[in-house]
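The structure appears below as structure tokens.
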Amino acid sequence: MTRARTGILHTAHGDIETPVFMPVGTQATVKGLTQRDLAEDLGVKILLANTYHLYLRPGHELIRKMGGLHRFMSWPNAILTDSGGFQVFSLSELRKIDEGGVTFQSHLDGSTHRFTPESTVDAQLAYGSDILMVLDECPEYPVSHEYAREAMQRTLRWARKAHEHFRARMETMPTRHALFPIVQGSMFADLRRECAGALLDLDTDGYAVGGLSVGEPRPLSLEMVEATEDILPRSRPRYAMGVGMPAELPEYVARGIDMMDCVLPSRNARNGCLFTSEGRVIIKNAQYKDDERPLDPRCTCYTCTHYSRAYLRHLFHAGEMLYAVLATRHNVRRYLDIMAEIRHAIRLGSFPEYLRCVRSTSAEAG
Ligand SMILES: [Zn+2]
């Protein structure tokens with residue numbers, strides 16, 4: 001028995017079949033891909049963009065003036081923006097948290113800024129995001145139970161403020177948006193359950209599970225998702241933030257997750273790590289020097305139907321731009337294909353079997 005389910009997420013910019021993987025477009029671009037590649041070729045229905053980065057550059061007011069993020073970046077489908085909390089806590093050297101929000105220095109030029117639960121809602125509404133996230137505090141790993149509890153309770157209070165502000169703003173807005181609160185509580189199941197239970201009062205359109213992929217052992221991330229599965233309402237989408245490796249995608253789905261995002265497919269592509277249906281390919285390796293085969297013989301992406309491993313390896317070593325373009329295109333496609341396989345297996349009722357197969361293959365691959 002797993003908790004896997006399929007569904008359809010309705011947004012003002014189209015319907016999205018779930019479980020879904022959202023490619024990350026940190027700076028309002030998925031590095032190496034055009035919006036046409038994403039929408040038409042890869043069939044991406046929803047992208048993630050980053051509130052913190054876009055707030056610092058080019059700024060949310062400029063994006064508002066340019067007609068919002070969809071128009072600014074020429075993206076027809078849905079956009080989810082994170083609240084910026086994770087970046088403030090991971091990128092900004094100097095930051096000070098108080099009850100009202102967080103004051104931090106830009107990692108770009110050292111200038112001082114402040115995020116509050118209300119201001120991050122305003123920034124995301126200026127972008128015109130379909131799905132907004134509340135400002136949360138994302139503690140490092142590991143932290144004490146005491147600190148994790150303090151941070152979780154602050155995150156809860158921020159979520160209430162953000163929702164109150166969001167609801168007031170929605171009364172005067174003609175467009176449709178959703179705001180998801182985030183379950184925090186570090187790696188303590190009791191805190192996560194307490195947090196999820198308290199968030200139910202907000203009766204929101206969806207719920208996110210955050211604070212994962214902060215350096216904890218991978219089985220622990222799954223355990224933390226499992227901890228709140230029975231609390232979060234089954235009628236709403238659940239989003240696991242910042243996960244995971246290809247073999248982990250079905251693991252999260254098995255634990256009731258509907259949405260995921262991760263920089264891995266695009267970042268690893270640029271670093272030379274390619275995900276295929278037969279496992280990982282480290283393209284710089286000498287074994288691919290004269291390998292005429294496609295990167296993944298079972299993949300129908302543009303890269304795999306047109307180029308050899310030998311050519312990709314050559315582009316990588318030569319530091320050619322085209323390498324990143326072709327590699328990213330394949331890796332993102334691989335993630336989307338995995339999600340399509342997962343949805344198909346759930347519909348057929350064969351998902352438990354699919355999961356067993358992924359587990360035994362990834363155990364073999366080490
Ligand atoms: Zn491919």
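The numbers here are math on the coordinates, done by the rules we state, and not lab data. Here the structure is a predicted model, which means the values were calculated and not measured. Don't worry about glycine lacking a Cβ; one is built from the backbone with ideal geometry, like all the others, and counts go over all protein chains shown.
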**Request:** Please give the contour-minus-distance gain from Arg193 to Arg234: 0.36 nm per residue of separation, less the Cα-Cα distance, rounded to one decimal in nm.
**Result:** 13.2 nm
**Complete:** Using eta = 0.692 mPa s and T = 37 °C, Stokes-Einstein with Kirkwood Rh from Cα pairs puts D for the chain, in µm² s⁻¹, at 155 µm²/s
**Prompt:** aspartates and glutamates near Lys31 by alpha-carbon distance under 17 Å, same-chain residues fewer than 8 away left out - which ones?
**Reply:** Glu40, Asp41, Asp261, Glu320
**Prompt:** With all pairs of different alpha carbon atoms counted, what Kirkwood hydrodynamic radius in Å does the range 264-366 show?
**Reply:** 14.3 Å
**Message:** I need the GluC sites (Glu not before Pro) found in the range 22-116, filtered to DSSP loop residues with at most 10 other beta carbons within 10 Å of theirs.
**Reply:** Glu93, Glu99
**Complete:** Calculated from DSSP helices alone, with each H run of at least 4 adding -39500 (n - 2.57) and the total divided by the residues of the chain, [θ]222 nm to the nearest 500 comes to -12500 deg cm²/dmol
**Message:** Taking only complete DSSP H runs, can you tell me which helices of the chain stretch 30 Å or more along their own long axis by Cα positions and average at least -0.5 on the Kyte-Doolittle scale?
**Reply:** 321-348
**Prompt:** Can you pull the Kirkwood radius for the range 36-115, inverse mean 1/r over Cα pairs, to one decimal in Å?
**Reply:** 14.0 Å
**Prompt:** Using unit Cβ charges (K, R positive; D, E negative) and no other charged atoms, how large, in debye to the nearest 20, is the dipole of the range 186-230 about its Cα centre?
**Reply:** 240 debye
**Message:** Within 10 Å of each candidate Cβ there may be at most 10 other Cβ atoms; applying that plus a DSSP loop requirement, which GluC sites (Glu not before Pro) in the range 232-319 survive?
**Reply:** Glu292
**Fill in**
In nm, the gap between the two label points placed 7 Å beyond Cα toward Cβ at Glu150 and Arg347 is 5.0 nm
**Prompt:** Pick from Lys284, Lys65, Lys31: which is most flexible by mean-square fluctuation in a GNM of the chain where alpha carbon atoms under 10 Å apart are linked?
**Reply:** Lys65
**Prompt:** Where the centre of each part is set by its Cα atoms, how far does the range 1-49 sit from the range 108-129, in angstrom?
**Reply:** 23 Å
**Request:** Go ahead and set up a Gaussian network model of the chain, Cα springs under 10 Å, then flag whichever of Gln27, Gln153, Gln287 fluctuates most.
**Result:** Gln287
**Prompt:** Packing-wise, with mean Cβ within 10 Å as the measure, how do 42-50, 263-271 rank, highest first?
**Reply:** 42-50, 263-271
**Message:** At 0.36 nm per residue, and after removing the present C-alpha to C-alpha distance, how many nm does the segment from Ser362 to Arg157 gain when stretched out fully?
**Reply:** 69.7 nm
**Message:** Taking a virtual spin label 7 Å from the Cα of Asp109 along the C-beta vector, which residues in the range 48-81 bring their backbone nitrogen under 12 Å of it?
**Reply:** 56-59
